[in-house]
1. Report yes if some residue within the range B:399-408 is loosely packed, with under 14 Cβ neighbours inside 10 Å and part of a strand (DSSP E or B); otherwise report no.
2. Return the pairs, sorted by first residue and then second, in which the second residue is aromatic (Phe, Trp, Tyr), the first residue lies in the range A:299-315 and is open to solvent by less than 10 Å² (accessible area, probe 1.4 Å), the beta carbons are less than 8 Å apart, and the residues are 6+ apart or on different chains.
3. What is the one condition in (1) in contact with a Ser or Thr (Cβ under 6 Å, 6 or more places away or on another chain); (2) under 18 Å from B:PRO402 (Cβ atoms); (3) acidic (Asp, Glu) that B:GLU366 does not satisfy?
4. How many of the residues making up the range A:561-612 are assigned to a loop (DSSP other than H, G, I, E, B), buried (at least 20 other Cβ atoms within 10 Å of the Cβ) and basic (Lys, Arg)?
5. Which of the following residues is facing chain A (nearest Cβ under 7 Å) and modelled with pLDDT of 90 or more: B:VAL132, B:VAL94, B:VAL122?
6. In this structure, is A:LEU190 open to solvent by less than 10 Å² (accessible area, probe 1.4 Å) and closer than 20 Å to A:ALA592 by Cβ?
7. Of the residues A:ASP103, A:ASP52, which is outside any helix (DSSP H, G or I), more than 9 Å from chain B (Cβ to nearest Cβ) and modelled with pLDDT of 90 or more?
8. Got at least one residue in the range A:385-394 being open to solvent by less than 30 Å² (accessible area, probe 1.4 Å), in contact (Cβ under 8 Å) with a residue 60 or more places away in the chain and closer than 24 Å to A:ILE345 by Cβ?
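The values are calculated or read from the model by the stated rules, or taken from the named source; none is laboratory data. Because the structure is predicted, anything quoted here is derived from the model rather than measured. Neighbour counts are summed over all protein chains in view; Cβ atoms, including those assigned to glycine, are modelled from backbone coordinates with ideal geometry. To get the accessible areas, we keep the full protein, side chains included, count just its heavy atoms, and leave off ligands, DNA and RNA. Shrake-Rupley method; radii C 1.70, N 1.55, O 1.52, S 1.80 Å.
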Amino acid sequence: MSGQGQDAKFFQRGKIQEFRQELQIAETKDKKFTKRKTVLKKIVANITMGNDMSALFVDVVQCLGTPLLEIKKMVYLFLINYGRAKADSIHMVIPNFLQDCNDRNPLIRALAIRTMSYIPIPVVLDNLTEQLRHHLKDRDPYVRKTAAICVAKLYAADPRKAERGGFVELLRDLLVDSNATVVANAVAALSEIADRPDGVVFKLNLTVANKLIAALGESSEWGQIYILDSLLRYVPETHADAELIGERISVQLQHANSAVVLTTIKVLLYLMNYMNNRTLIEHICKKMGPPLVTLLSSGPEVQYVALRNILLIIQRRPTVLKNDVKVFFCKYNDPIYVKLAKLEIMYRLANEENVKEVLAELEEYASEVDIDFVRKAVRSIGRITIKVEAAADACIRSLLSLIETKVSYVVQEAIIVIKDIFRRYPGRYEGIIPKLCENLDALDEPEAKASMVWIIGQFANRINNADELMDDLTYNFLEEPIEVQFALVTAAVKLFIYKSSSDPVKALVHKVLKWTTEEVDNPDLRDRGFMYWRLLAINPTVAGEIVLSEKPAITNDADRMDRGALDQLLLHTGTLGSIYHKNPETFIRGAAGRALADSPALNPLSRQVLVPVQRSGPSAGPLVVPGPGPIEPGTGPVASSPLPLNTSKPSPPLPPDSATGGLLEGEGSGGEEDEDEDAGFAKRRSGVGAYPVPTDPYASLDTAFGNRTQDEQMDAMPALMMPFI
Amino acid sequence: MTLPDYCKYSRAQTTRPALRGPTPSTTMISAFFIFNQKGELLISRLYRPDVKRPIADVFRIQVISSSDVRSPIVTLGSTSFFHVRVNNVYVVAVTKNNANAALVFEFCYRVITICKSYFGKVDEECVKNNFVLIYELIDEINDFGYPQNSEIDTLKSYITTESVVSSQIVAEESSKITSQATGVTSWRRADVKYKKNEAFVDVVETVNLSMSAKGTVLRADVDGHIQMRAYLSGTPECKFGLNDKLVIDKSERGAIDAVELDDCRFHQCVRLNEFDSTRTISFIPPDGEFELMTYRSTSNVKLPLRVIPTINEIGTTQVTYLIVVKTNFGNKLSATNVVLRIPTPLNTTSVECKVQTGKAKYVPEENVVVWKIPRVQGGQELTFNATAQLTSTTTRQVWARPPIDVDFQVLMFTASGLIVRFLKVFEKGNYHSIKWVRYLTKASGTYQIRF
């Protein structure tokens, strides 16, 4: 082991003039060049600290005459930093570069071209191109592997020069080099060039793919990643080809480097689209599971990457991790991002057999410190209630016990999920409503409040004091957030429909509709107010049928991504896209999209749902990609908002096989319920349209509150007629 | 020049076919930084022209100065920052594309491992003291954002703290280095010589336990690491055998004495093809210390210590503790460095502890009682009695009751039951070699008992 250095003292802001002097002094009487070394270290430290040292260019370059490798490397580092800024002086170093390019020592030759290629200035690149041609054929593999990357750098700086110089062809020759490290770097360089919008097309056929796979065993772990990654450029023509390659690379799943494992999984998932042998697919899926779980023993950062990927993979290939929910239980000291990612997977893997354990875990999490984590734990309990019917009773019990903790955010979160549970299991749990109502005062978050209001409105016929509660809730109507206002309007109308004979209720609904139509600025809310008013005016019975129409049952299917999108996203396994669950072209400027390429071997189902690449830039939306976490039930199409005439409804119709690999895996199809839901919605919509709409919108408003006194009507009318006056 | 048909490529056309194959995006690290806690740069290396130095300020503002960072990856626009914290420094990689996230983190980990191996530790002082060497290293192990060979043994042969006069490096010597750095056994020098040929194998198992308040095991598994220190001359060919049975499909259960491993991963040097076909672990080891394999086992985990807590909240002013620790291994073995961290409520004012063995101390800043026991012999039973006094608080917040955490080490014991069956060394020189095996089972922050 080499000893500790003592260089910390150099981290001190220094003046250009001082350094220059010190360098000049060092030119004489500098035994073993220690003085020069010291000054250069000071300069490098200052570069690191962000002080502009470019003025010392000439002085520093003088040091290149020193025969110390350490000094040479520091000068080269200086050149990499300031070479571009000092384009007019760079010619001074060219002779040194050229000398090093032809040094007998391969390490020096490589160092020279590596450094030159970091300085993208014409004069340097021109000299480099002369040299590079030889270095790509150097007898030393270390020089060749460095030269391969130099081509990528050259191409990045000046694509035309690189192409005119025939470097791409030279690079291609390296694909069949005898040395695996050289092959891997050539693959990396070619891939980069091909990924440029103006780049060359780089595709692999079976022969090259096989040659590259043969090089896998001998290349470094990083090289393996470059090679494996490039296998996505190979499109299998027959099932057998895909199956053979899949089997050959699957041994890499045992590699210690998590990136090798994840990249192997990416290629396997890709190749499976072209396989036909179900036994083999099953076998590969089973083989992928344990290495994925093992990634959870890595550092927390890699765990996070693994977890986000697992979440995608199990949606497409559920057999990969069927019985492993326990390994995703959170450790108390897991970082929060690991915990949140685990939570989502626990929900996905929850089923009738393991739901007891999962539920016990989630209850445990609900008492932890991190508020966001606790909320998501409670929300997960709610989602599991909806997903696993057998556990619904137990889930409700645990939610009620959570409500009893009186911890404000726990209670609120519980109420949000209970609203959805009511919709999922109509007629089963309404008995707990009084318990919920006890917590009315604790609700200060819009979503929780809106949920509670929805519950009161929907079940106003079962809540004896619903009118009093609503009266309380509407007290600050105009100050409420918009979603609460929406909920209140609808709930008030429902209440009126249930209890149309009650005078206080009439007054209430009148008051709310009046506020909505007269004092609210939000046009959507105002429109809704008018619409309800008219509905009630035209025909209260029909209004009741519409407002209290039977709602479609809530299911969990829609929070699963559809298969085409999954197939596409899984082509990015292990990358940023797989962490954010977004295709890279949607959030990274200039990123290349991916799609499965068609071939006779492509699975017909995969072809059917294939999502072609969209060549659109990133949307001009917010710059920050939102962090991950469980999908909030309120935002997905699963749970409708508390409004009966919900317009945010239909999700794009999913193909029947959208569920978890559908027929391919022999799983039941889960898309039908979505279709039913859409169909039901369409009916409801057409139903609404079928009622006669009078030409004068205000014509029969006076019947809206049929048995009101004349005075009251007079109160109402002038305001409503204002626009006409 | 005519192109051989094995590799077809051409100038990109303006109209691309609708169904174009997937274009894998490459992995490129645009910049690499090491920051101290104040956000000052200790190392700054830009690998690609698509980022400029001020990007470091963005990280400082968004991550280091931010009180609430909830992800190791922060993406702003098209720029992503990957960071790993180690001691008092941030190791950061920046990318501008859809980077292979696993690779980027593995690269950061590797830099940390290399620094540890070179300097013994990684912290601000050590980075500052060795910054020139670190610059050399990161220039070597990453080229244009592509991680390159980073085998420590090889790096140490040509990147050193000693001053090297360039003319002194004999070209031949360098050729050896380069062929090693790019070769089939890039992790090993060919000219290793020892008088005494020895190999030490350490089987180190970390037990993960999560036990519910009711005393049922929610999760118990073992992360095993097999560390090897090989001091063997020449190019030794090793074969390694365990009493394992790798279970791919849980239904294919086999011999009873075999330990079931859920999964194992191997060092770069192990021939994966051979393992796949014949289940033999064969390799040419790096010189010196390395991690030969890691494994995971979830069946029949023997828990070395059993902790039975009885903790009662008496009213709102007191909490009483009775904790019994029982050993679960033979009388000849012992657990050492046993440390229990027993949580106390946030409004604890004082804790009175009674223990027969070891020392127990209330640590108010961490809200725990730390009970340290230097050694517990197999068959022994320990008890801990304590009462915590609480202040009355105006807001009655429920105590989150974090789990009791137990750390320990048990020598010559494997929780999984794994045993090394053999380690055979074959070398041209046909020398005699001595092999040593050690077992250690430990827990540190992973052995948790809820109450």
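1. no
2. A:VAL302/B:PHE105; A:VAL302/B:TYR109; A:TYR304/A:TYR337; A:VAL305/B:PHE105; A:LEU307/A:PHE328
3. (1)
4. 1
5. On the way: B:VAL94 fails: facing chain A (nearest Cβ under 7 Å); B:VAL122 fails: facing chain A (nearest Cβ under 7 Å).
When all the criteria are applied, what remains is B:VAL132.
6. Working: open to solvent by less than 10 Å² (accessible area, probe 1.4 Å): yes; closer than 20 Å to A:ALA592 by Cβ: yes.
Yes: the conditions hold for A:LEU190.
7. Values: A:ASP103 fails: more than 9 Å from chain B (Cβ to nearest Cβ).
Only one candidate qualifies: A:ASP52.
8. In the first step, residues of the range A:385-394 are kept if they are open to solvent by less than 30 Å² (accessible area, probe 1.4 Å); the result is A:385-386, A:388, A:391-392.
Next, only the ones that are in contact (Cβ under 8 Å) with a residue 60 or more places away in the chain stay: A:386.
Applying the additional criterion that residues be closer than 24 Å to A:ILE345 by Cβ yields A:386.
Taking every residue of the range A:385-394 in turn, at least one turns out to be open to solvent by less than 30 Å² (accessible area, probe 1.4 Å), in contact (Cβ under 8 Å) with a residue 60 or more places away in the chain and closer than 24 Å to A:ILE345 by Cβ.
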